[in-house]
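Undergrad: Attaching a single structure in structure tokens format; questions to follow.
The values are calculated or read from the model by the stated rules, or taken from the named source; none is laboratory data. Predicted, not measured: the structure shown is a model, and the values here were computed from it. FYI the Cβ positions are ideal-geometry reconstructions off the backbone, even for glycines, and counts take in every protein chain you see.
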Amino acid sequence: MRRKIIPYNPILKERARKMRNNPTKAEKLLWLYLKKKQALGYDFDRQRPIDNYIVDFYCKDLMLAIEVDGDSHIGNEEKDKKRTNKLNSHGVTVLRFDNDLVLYDTQKVLTEIKNWIRKKQQAQSKVPFGEGI
């Protein structure tokens, strides 16, 4: 199955690079568990431009974005909702985790991510022969 190519705003490429070089503590911690295909064998990118947004972590094969929400998201719930809806319109699922949850209950976050991946794998394996090709 071919990956869907989602366009992005090229202006965001440099900003994403800067963000990769200056991660928050929570992003840095979560990256330790997502890099090198540690999440059930799936490859994640950090600070990936998609459309007019930059997502914290993204897996192309799963079309899964993971967002780590820090203080900058407080009071911006509507903006986040609009962003999530736009990403969903491209077929991207967004999982959001609070900074503190990532920092203080990392195992819970990893369990949620892995459970989501397993559900996705099960759903994909139930596709009848000939469909989804």
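Undergrad: Would you be able to say whether some residue in the range 7-21 is farther than 22 Å from Gln121 by Cβ, among the small types (Gly, Ala, Ser) and surrounded by fewer than 16 Cβ atoms within 10 Å (Cβ to Cβ)? Step through it out loud before you land on a result.
TA: Keep residues of the range 7-21 that are farther than 22 Å from Gln121 by Cβ, which gives 7-21.
Those still in the list that are among the small types (Gly, Ala, Ser) too: 16.
Subsequent filtering for residues that are surrounded by fewer than 16 Cβ atoms within 10 Å (Cβ to Cβ) retains none.
No.
Undergrad: With the requirement that a residue be without any contact (Cβ under 8 Å) to a residue 40 or more places away in the chain and surrounded by 11 or more Cβ atoms within 10 Å (Cβ to Cβ), what does the range 111-120 give you?
TA: Thr111, Glu112
Undergrad: Let me ask something else. Which pairs turn up if I take residues in the range 76-99 that are at positive phi and look for partners that are of a type in the set (Lys, Arg) and part of a loop (DSSP other than H, G, I, E, B) with beta carbon separation below 7 Å, at least 6 apart in sequence or on another chain?
TA: Pairs found: Gly91/Lys4.
Undergrad: Say we look at the range 6-41 and pick out the residues that are part of a loop (DSSP other than H, G, I, E, B) and aliphatic (A, V, I, L, M); which of these is nearest to Gly70 (Cα to Cα)?
TA: Ile11
Undergrad: Residue check, Thr111 against (1) under 22 Å from Ile5 (Cα atoms); (2) modelled with pLDDT of 95 or more; (3) out of contact with any Pro (no Cβ under 8 Å at 6 or more places or on another chain), all met but one. Which one?
TA: Checking Thr111 against (1) under 22 Å from Ile5 (Cα atoms); (2) modelled with pLDDT of 95 or more; (3) out of contact with any Pro (no Cβ under 8 Å at 6 or more places or on another chain), the one that fails is (1).
Undergrad: For the range 89-97, check the following and say yes or no: at least one residue is within 24 Å of Ser125 (Cβ to Cβ), in a strand (DSSP E or B) and among the small types (Gly, Ala, Ser).
TA: No, there is no match, as no residue in the range 89-97 is within 24 Å of Ser125 (Cβ to Cβ), in a strand (DSSP E or B) and among the small types (Gly, Ala, Ser).
Undergrad: From the list Phe97, Phe129, which residue is of a type outside the set (A, V, I, L, M) and modelled with pLDDT of 95 or more? Steps first, please.
TA: On the way: Phe129 fails: modelled with pLDDT of 95 or more.
When all the criteria are applied, what remains is Phe97.
Undergrad: Next up: Can you spot a residue in the range 56-67 that is farther than 25 Å from Arg17 by Cα and surrounded by fewer than 19 Cβ atoms within 10 Å (Cβ to Cβ)?
TA: The answer is no; no qualifying residue exists.
Undergrad: Quick one: in the range 42-55, which of the residues that are part of a strand (DSSP E or B) and of a type in the set (A, V, I, L, M, F, W, C) is nearest to the chain's Cα centre (by Cα)?
TA: Val55
Okay, residues lined up against (1) modelled with pLDDT of 95 or more; (2) under 13 Å from Val92 (Cβ atoms):
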{"position": "Arg3", "(1), (2)": "no, yes"}
{"position": "Glu14", "(1), (2)": "yes, no"}
{"position": "Lys25", "(1), (2)": "yes, no"}
{"position": "Leu32", "(1), (2)": "yes, no"}
{"position": "Lys37", "(1), (2)": "no, no"}
{"position": "Arg46", "(1), (2)": "yes, no"}
{"position": "Asp51", "(1), (2)": "yes, yes"}
{"position": "Asp56", "(1), (2)": "yes, yes"}
{"position": "Cys59", "(1), (2)": "yes, yes"}
